[in-house]
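Below is one structure, written out as structure tokens; the observations come after it.
Read-outs: derived from the displayed coordinates by stated rules, not from any lab. Only a predicted model underlies this, so the values are computations on that prediction, with no experimental measurement involved. Glycine also receives a Cβ, built like all others from the backbone with ideal geometry; neighbour counts cover every protein chain displayed.
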Amino acid sequence: MAQQDNTYSEHSELLMDRKRYSPSFSPSDIKRLEEAFLDSPPRTQKPSHKKFSRMPFFIVIGLILILLIVYFRYSVIFVPKMKHPQRSLLNSQYLDSISLISKEGKIQFAQGIIYLPLLPGQPQGFVINTKMPLDLTKNDIYIQGSFLDGSSVKDNVAMKAIIRDDKFFSNSLTPLERKLAPESSIQEDRIMKPLKLDFQNTTPILLNLSRITQIRFEFYNPRNTPVSLLIKEIKLMRKEEE
């Protein structure tokens, strides 16, 4: 019995020691433990689509503004694929772009033919930009065309040609001036004489004739009625082959 009493007393002392050294938790400590280990993971927020929903609206507005700027400030004609001789400036090998001087005449360009409804009393025409510089010291430019039926060719149509090199020097102060006349004196003959343009005698000192990248054609109708003109060919020919 003495031994059992000793064992019971030792067990009681051990329990007392455990209670003495075991940590005590307050309600606030228990709450912090629950928040740290027992809470569910935070929900991931889905990205907002408000910013993306407005993107198509701003894109449409931007495209409309670009189209309005191009329409009111520029007149550009897209160059179609054409089957022309290699020396033709209307061939895609040489031609980079064509821009109009004025929109009022409804100038058209299709399949390498330029249609010019020349209104009275105002200049009309177009500007040719080339992909590569043209050497006009060894070559001349020829223009071929015809007047449409119903157009009066009694008075010749005047034309000015202005060239510009790759350094932006030009003969704008002394343009080359020519007259467009029918090939014969018969009124029914609407074919235009091939017109040769030789710029050597009208070249300013700073203009480099061997590096021409732009040609500007301006046409003037001296009559009181419109004249319709077709430019069928603008070609480059060597001087020794003329």
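Say the cut-off is 21 Å between C-alpha atoms; which of Lys138/Lys179; Lys167/Lys193; Lys160/Lys193; Lys131/Lys179; Lys196/Lys239; Lys160/Lys232 go over it? Mind showing how you got there, number by number?
Values: Lys138/Lys179 23 Å; Lys167/Lys193 33 Å; Lys160/Lys193 16 Å; Lys131/Lys179 28 Å; Lys196/Lys239 11 Å; Lys160/Lys232 18 Å.
From the list (Lys138/Lys179; Lys167/Lys193; Lys160/Lys193; Lys131/Lys179; Lys196/Lys239; Lys160/Lys232), the Cα-Cα distance tops 21 Å for Lys138/Lys179; Lys167/Lys193; Lys131/Lys179.
Hey, rough spin-label estimate for Ile66 and Lys179, points 7 angstrom out along Cα→Cβ, what's it come to in nanometres?
That separation, rounded to one decimal, is 4.9 nm.
Suppose we take every Cα in segment 198-242 and form the convex hull; what volume per residue is that in Å³?
144
Translational diffusion coefficient, Stokes-Einstein: compute it for segment 110-149 using the Kirkwood radius over C-alpha pairs as Rh, at 10 °C and 1.306 mPa s, and state it as an integer in µm² s⁻¹.
D, rounded to a whole number, is 118 µm²/s.
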